[in-house]
1. Criterion first (small (Gly, Ala, Ser), over 31 Å from the mean Cα position of the chain (by Cα), surrounded by fewer than 21 Cβ atoms within 10 Å (Cβ to Cβ) and closer than 16 Å to ILE127 by Cα) does ALA224 satisfy it?
2. Might you check whether a residue that is in a helix (DSSP H, G or I), in contact (Cβ under 8 Å) with a residue 12 or more places away in the chain and charged (D, E, K, R) occurs anywhere in segment 122-143?
3. Give the residue that is nearest to the chain's Cα centre (by Cα), with candidates limited to residues of segment 131-157 that are farther than 22 Å from MET184 by Cβ and surrounded by 11 or more Cβ atoms within 10 Å (Cβ to Cβ).
4. Taking LEU173 and the conditions (1) at pLDDT 85 or above; (2) under 18 Å from ALA213 (Cβ atoms), which numbered condition does it fall short on, given that it satisfies the others?
5. Please give the number of the condition TYR168 fails out of (1) loosely packed, with under 13 Cβ neighbours inside 10 Å; (2) under 24 Å from the mean Cα position of the chain (by Cα).
6. Which one of these is part of a loop (DSSP other than H, G, I, E, B) and out of contact with any helix residue (DSSP H, G or I) (no Cβ under 8 Å at 6 or more places or on another chain): ARG200, ARG253?
7. Please give the number of the condition MET184 fails out of (1) of a type in the set (A, V, I, L, M, F, W, C); (2) more than 31 Å from the chain's Cα centre (by Cα); (3) in a loop (DSSP other than H, G, I, E, B).
8. With respect to ALA224, is the statement that it is touching a residue at least 12 places away in the same chain (Cβ under 8 Å), among the hydrophobic types (A, V, I, L, M, F, W, C) and farther than 17 Å from ASP176 by Cα true?
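The values are calculated or read from the model by the stated rules, or taken from the named source; none is laboratory data. The structure displayed is predicted, hence computed values, not measured ones. Methodologically, a virtual Cβ is constructed for each residue, glycine included, from the backbone with ideal geometry; neighbour enumeration extends over all protein chains shown.
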Amino acid sequence: MDDLPEEEKPGIPSWVVTFADLMSLLMCFFVLLLSFSEIDAQKFKQIAGELSKAFGVQREVPALEIPQGTSPIFDKFSPAPPEPTLLEQVKQTTTTEDPELETLKSPEETQVAEAVQEQMDERVDTILTVLEPAIVDGRINISQDQARIIIRIEEKGSFPSGSAEVTYEFEGLLLDMAEVLNDMPGDITIEGHTDDLPIRTSQFASNWNLSAARAAAVANVLLARQQLNADRLRVTGMADTEPRVPNNSATSRAKNRRVEIILDLADDVQEEVIRLQELMDNRPAKDQEAAISPTIEPGPASNEITW
């Protein structure tokens with residue numbers, strides 16, 4: 001009698017291989033997504049702390065500062081190649097007191113900038129001295145915008161409402177101002193400004209006419225004693241096109257009704273910079289080396305610049 005064949009043992013189903021390949025591909029896919037993701041450092045630290053309590057596998061390290069602008073994955077990533085520079089080393093520093101970026105400047109450039117700014121401050125102080133009473137009363141204020149000195153004349157006490165006639169008191173102040181401006185270089189622009197309320201009278205058809213007439217009235221007073229050269233003056237009517245504040249109340253509209261005398265010193269500042277640079281370029285080489293590498297000696301502190 002023939003022996004019966006042994007019973008065949010069941011093998012692994014064929015679908016298990018396909019399932020294992022699929023799981024491997026999914027795991028690779030999610031690992032790839034993780035490598036391209038930006039992980040929030042604060043949440044990562046919180047999750048890691050909970051895991052350390054659960055498994056006891058992570059050492060607790062106190063963090064003095066919260067990481068900013070970094071990724072745990074791309075820690076050494078540079079977005080673009082650095083641009084070539086003329087200097088071998090460029091230093092950029094910021095502080096909490098002075099958040100603006102400071103690039104490396106030569107001692108000569110620093111001295112020229114300080115000398116030009118000192119000259120601008122002296123001119124502003126001269127104008128402030130002459131106009132001090134009107135500034136205290138709030139009729140005039142002075143501001144500096146780079147190489148421009150702006151004398152802002154409020155409508156209060158200078159012009160009657162809806163009129164371009166200069167008051168007697170304000171006329172005397174303008175005559176004193178003309179004497180000061182005559183001693184300073186630069187072009188002078190006189191701009192007239194109004195609020196957004198339309199005007200239509202027999203004298204002024206619109207705010208354009210009123211603003212231009214007020215600017216021209218100020219120019220006529222400045223030229224009355226022939227102290228200023230008329231070629232330096234420009235008169236412009238701006239109407240309500242450049243308000244200082246929104247015209248949403250009577251107080252705001254009063255601030256927008258004004259005349260601005262703008263002293264442009266850009267050309268003079270540029271000439272001063274060129275002159276100072278030429279002086280420094282013409283110094284002996286020994287002095288230039290001393291300026292680049294100054295020697296600090298004991299003695300009283302001084303803010304003066306000697307050329």
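1. Judged against the criteria, ALA224 is not a match.
2. There is at least one residue in segment 122-143 that is in a helix (DSSP H, G or I), in contact (Cβ under 8 Å) with a residue 12 or more places away in the chain and charged (D, E, K, R).
3. GLU154
4. Condition not satisfied by LEU173: (2).
5. For TYR168, the failing item is (2).
6. After applying the criteria, what remains is ARG200.
7. (2) is the only condition that MET184 fails.
8. Spelling it out, it is not the case that ALA224 is touching a residue at least 12 places away in the same chain (Cβ under 8 Å), among the hydrophobic types (A, V, I, L, M, F, W, C) and farther than 17 Å from ASP176 by Cα.
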